[in-house]
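Working notes, beginning with the structure itself.
The values are calculated or read from the model by the stated rules, or taken from the named source; none is laboratory data. Computed from a predicted model, the values in this text were never measured in an experiment. With ideal geometry, Cβ positions are generated from the backbone for all residues, glycine too; neighbour counts draw on all protein chains shown. Surface accessibility is based on the protein's heavy atoms, side chains included, excluding ligands, DNA and RNA. Shrake-Rupley method; radii C 1.70, N 1.55, O 1.52, S 1.80 Å.
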Amino acid sequence: MNSPQSTSTINASQPAVVAAADLSTAIARHWGFKSLRPLQDAAMRAVLSGQDSLVVLPTGGGKSLCYQAPAVARGDTTVVVSPLISLMKDQVDSLRAVGVPAVALNSSLDASESRAAVHAVRNRQIRLLFVSPERLALDSFRQLLIEIDVQRFALDEAHCISQWGHDFRPEYRQLKFLKQQFPRASVHGFTATATPQVRRDIVEQLGLRQPEVLVGNFDRPNLTYRVVPRSDVYAQTLELIERHRGEAGIVYCIRRRDVDDLTEHLKSAGIDVLPYHAGLDAGTRKSVQTAFKQERCDLVVATVAFGMGIDRSNIRFVLHTGIPKSIEHYQQETGRAGRDGLEAECVLIYSAADVMTWKRLLTKSVAESEQPVAPEYLQSAIRHLNDMDAYCRPLVCRHQSLVKYFGQQYDSGPCQACDVCLEDTLTEPVEDAQTVAKKILSCVGRVDQRFGVSHVVRVLLGDHVAALRSRGHDRLSTFGLLKDCGKNEVRDWVYQLVKLQVLVQTSDEYPVLQLNDASWEVMRDQRKISLVRRHKLAAPTRRSKADVTSWEGVDRELFDALRTLRRGYAEDRGVPPYVIFNDATLREMARVRPSNLEKLRLIYGIGERKLAEFGAAMLAAIDEHCQCRNLSRDRPSAPPATSIIPPKSTGTRPPRIEKQKAKTLFHVGTSVAEVAQKTGRAQSTIYGYLCEYIRDERPASVEPWVQPEVYQLVSATVDRLQAQSLKPVFLALDGKISYDDIRVVMVHRAVQASSTRT
Ligand code: ADP
Ligand code: ZN
């Protein structure tokens, strides 16, 4: 028997109870995280204590840490089952970058690599061993696991085992036998998308014993969701890309043909873009994936085939040019944006025709399938599609709709991060709405309440298409009654009537419109109706709160310089840049501008290994940047305001109490960032409180909030310009000192001057 060569302090053969302290030490040492995200703690406790578990956290919620950190703390080998080689590779790269021994055993290794990997596993040098479900079924592999006495299995993308899910993978079915084959080991499932039904199914299929089921908050506050009606897909795509110039994004299309067309269009407009779909050969697909991951390419136009293995954490926008097949798909595809917790935008270009396209494709694929397809499959698929369609209709906050779909409450009020709450749409009342409503309702009656929205709208618009003529609907009295209106407009009014409950849309496979008692009241003028006309703004004018705050205080020029440096390291090592540092960490470096290694170490996401490997180079780059511009260092850090953890709601606590609390904190020299975090208020608000505090309390110095050099610099400039307001000072300093700092200095000087006078 080989002697264990664990790198950690705990021997694998001792089923020792690992103290929480070991876990915290491992996290701080390897990952450099300052705090845990919601449910990570509970999830890790289940893993450590060997209690089966199912953890449902949204994409970017930090699921991997839940099994990685315990694996390090325990010092033995955890087996991770993952559906895709690319997913395994990313995790292995990331783990090695933080100094944790990990390997993936899969078909991409040649014989000697495989042997070396098995050897390391057998010698117990490996903390995390990644495998496919197929590998797990091999006898020889199971023997190896028995030999090393595996105690824990983690299953990534656990929903793949459920046929109720949207991503069923037959090979996952083999995992059913895991609990029987390894009765002493615990099994831990992880997934981002699971409705209660799928959740129950996962637990049942895996045969989990009294599992700890942890379901996280599905909301992703850092994502801004927008749904826009389709007008000109190409122009709409271009507008979004322009708005996110220099940032990474994915544009999803339904069909391969659309991918090719759009790619060509964008290329001819001089945009650097790569296409991806299942019709391209494997080599091309791989090279596109790699280019995107390594940040050599920032934009990919693709079908949904692109994404499962894409863990790039700084994707800043995801555009759907067509409707996804289900809300689960939508959540997963948009979930690829902003995994680093920073702001990102998700836009969906909506057209009702897509829903029909999907339904046609589905029916066709079922009809042509060689294997019999259960009728429930088609029904379930259509239901998913109808739910997605309903989501796209306006009026309700998108965050709220998504969260509700997954069976959760949304209490955060207007999200300020969706087209509805940001009021991208201007509305105006429709004149004579009553007549318009009556025309629509009577048309529904004329087609015998047997047709859906699209058909009714066509009749009202007076569309000369075969589908109407063959049914004689071009001869109805309601044919062409709203011919002067736009198609989207009329559709929207139909949905407004449904929402007002004076018209019913059935929830069948192919929903039809029907009348109810209220419809007749409208037609008899016993019930008054108002409708609105919506005008989508060409481009959204308001930015989400997440977008504004996550760049707050960041020195963008420095951020770009550090990003270039990061890319170089990534290329040298053949890993994606976010494996080196993610964007949130980079922005924080560019915000704080740390002056030495100790200060750098305090930045979130920098553990010992990364400090040793890249710290000096990062610092040198920061030094150079700051020296030639004479910039202050060790500036306050910002709480990741857009982090996936929603800031603690301050509820309806009146601002007065917050202000009082802020003042108490200022009294002991607490930084603005920290006060903002503790009171749950924006930094801008806290700066306002700080100025009040200075006026009221007249502190001798403002050193806790403004660096002495900055104070001197601003002071000298104010004197030189005889400045009375902030702007001239800001301009004279080339915008390098923030308005907030300047204001604090000027308020303090004024207070000082008046004290000396009195
Ligand atoms: P998921 O698998 O749930 O989609 P990941 O495990 O990939 O999410 O984590 C998403 C990102 O969040 C990664 O960049 C990871 O390093 C980071 N992360 C995870 N946990 C924490 C934490 N406690 N503090 C800060 N960052 C974290
Ligand atoms: Zn909203």
For the chain, the Kirkwood Rh over every pair of distinct alpha carbons, in Å, works out to 29.1
D (Stokes-Einstein, µm²/s), Kirkwood Cα radius, the stretch 692-757, 0.890 mPa s at 25 °C
206
Accessible area of the chain divided out per residue, in Å², using a probe of 1.4 angstrom
45
Once you charge only the Cβ atoms, +1 for Lys and Arg and -1 for Asp and Glu, what is the size of the charge dipole of the chain about its Cα centre, to the nearest 20 debye?
980
I'd like the accessible area for VAL355, computed on protein heavy atoms only with a 1.4 Å probe and all protein chains in place. Round to 10 Å², please.
10
Neighbour net charge for VAL215 - beta-carbon separation under 13 angstrom, K R +1, D E -1:
+1
For the stretch 179-248, convex hull volume per residue from C-alpha positions, Å³:
184
Taking protein heavy atoms only, a 1.4 Å probe, and rounding to whole percent, the accessible area of the chain owed to carbon and sulfur comes out at 50
What are the semi-axes of the equivalent ellipsoid for the stretch 275-330, taken as the square roots of 5 times the Cα gyration tensor eigenvalues, largest first, in whole Å?
19, 15, 10
Over 20 Å (Cα to Cα) - which of LYS439/LYS487; LYS663/LYS727; LYS483/LYS528 fall in this group
LYS663/LYS727; LYS483/LYS528
P(r) for the stretch 66-225: what percent of alpha-carbon pairs falls in each 10 Å bin, starting at zero?
10, 39, 36, 13, 2
Long-range HN-HN contacts of VAL301 with modeled amide H, under 5 Å
VAL251, LEU274, TYR276
P(r) of the stretch 226-365 in 5 Å steps, Cα pairs, percent per bin?
2, 10, 21, 25, 22, 13, 6, 1, 0
Cα convex hull volume per residue for the stretch 368-410 (Å³):
81
Considering only the chain, what is the antiparallel percent among its DSSP beta bridges, to the nearest 5?
15
Radius 11 Å from Cβ of ALA344, net charge of other residues (Lys, Arg +1; Asp, Glu -1)
-2
Sites ASP41 and ALA282 - FRET efficiency at Förster radius 35 Å, r taken between beta-carbons, to 0.05:
0.30
